[in-house]
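Undergrad: My structure is below; once you've seen it, I'll send some questions.
The values are calculated or read from the model by the stated rules, or taken from the named source; none is laboratory data. Nothing here was measured: the structure is a model prediction, and the numbers come from that model. Quick reminder, even Gly has a Cβ in these numbers, built from the backbone with ideal geometry, and neighbours come from all protein chains shown. Surface areas here come from the heavy atoms of the whole protein model, side chains and all, with no ligands, DNA or RNA. Shrake-Rupley method; radii C 1.70, N 1.55, O 1.52, S 1.80 Å.
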Amino acid sequence: MDKITFAVNENEKAEFYVLEQTKIGGTDYILVTDMEDGDGDALILKDLSKPEEKDGLYEIVSEEKELRAVAAVFETLMEDVTFVSDDE
């Protein structure tokens, strides 16, 4: 499993493990978790960078309709994954 590091700001970094990636409508999405093994917290991140940019610019998908749609794609790609929101 690939581990990636994100710069949250100038002084803070966050590390995640990439579970899966997909492209929908020309936009790249990655499914990441904070734990290499077990049931960790997962986030779906959307790549906002332009193709010519060297570094990726990722944003947490938070808009409900987009989140549900992308989560459904990841559930299809990964048979053993089920998403449960904090609200449930």
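Undergrad: I'd like to check one number: the per residue accessible area of the chain, probe 1.4 Å, reported in Å² as a whole number. Walk me through the numbers on the way to the answer.
TA: Details: 6800 Å² over 88 residues.
Dividing the accessible area of the chain by its residue count gives 77 Å².
Undergrad: Jot down the per residue volume, in cubic angstrom and as a whole number, of the convex hull over the alpha-carbon atoms of the chain. Walk me through the numbers before you get to the answer.
TA: Values: hull volume 10.5 nm³, N = 88.
Per-residue hull volume (Cα only) is 119 Å³.
Undergrad: Counting pairs of alpha carbon atoms under 8 Å apart in space and at least six apart in sequence, what relative contact order in percent does the chain give?
TA: On the way: 120 pairs, mean separation 14.3, N = 88.
Averaging sequence separation for qualifying contacts and normalising by length gives 16 percent for the chain.
Undergrad: At 25 °C and 0.890 mPa s, what whole-number value in µm²/s does Stokes-Einstein give for the translational diffusion of region 28-68, with Rh from the Kirkwood sum over Cα pairs? Write down the numbers at each step before the final one.
TA: Numbers: Rh = 11.5 Å.
The Stokes-Einstein estimate is 213 µm²/s.
Undergrad: Roll a 1.4 angstrom probe over the protein heavy atoms and tell me the percent of accessible area of the chain that is carbon or sulfur.
TA: On the way: 3030 of 6800 Å².
On the chain, the fraction of accessible area on carbon and sulfur atoms equals 45 percent.
Undergrad: Just to verify a number: FRET efficiency for residue 35 and residue 9, C-beta to C-beta distance, R0 = 25 Å, to 0.05? Working shown, then result.
TA: Values: r = 23 Å, r/R0 = 0.92.
Given R0 = 25 Å and the Cβ-Cβ separation, E is 0.60.
Undergrad: If I stretch the segment between residue 52 and residue 27 completely, what's the gain in nm (0.36 nm per residue apart, minus their alpha carbon distance), one decimal?
TA: Details: separation 25, 0.36 × 25 = 9.00 nm, distance 1.44 nm.
Extending this stretch completely gives an extra 7.6 nm.
Undergrad: Multiply the residue gap between residue 76 and residue 20 by 0.36 nm, knock off their C-alpha separation, and tell me the result in nm, one decimal place. Provide the component values of the computation, followed by the final result.
TA: Numbers: separation 56, 0.36 × 56 = 20.16 nm, distance 1.11 nm.
In short, 19.0 nm is gained.
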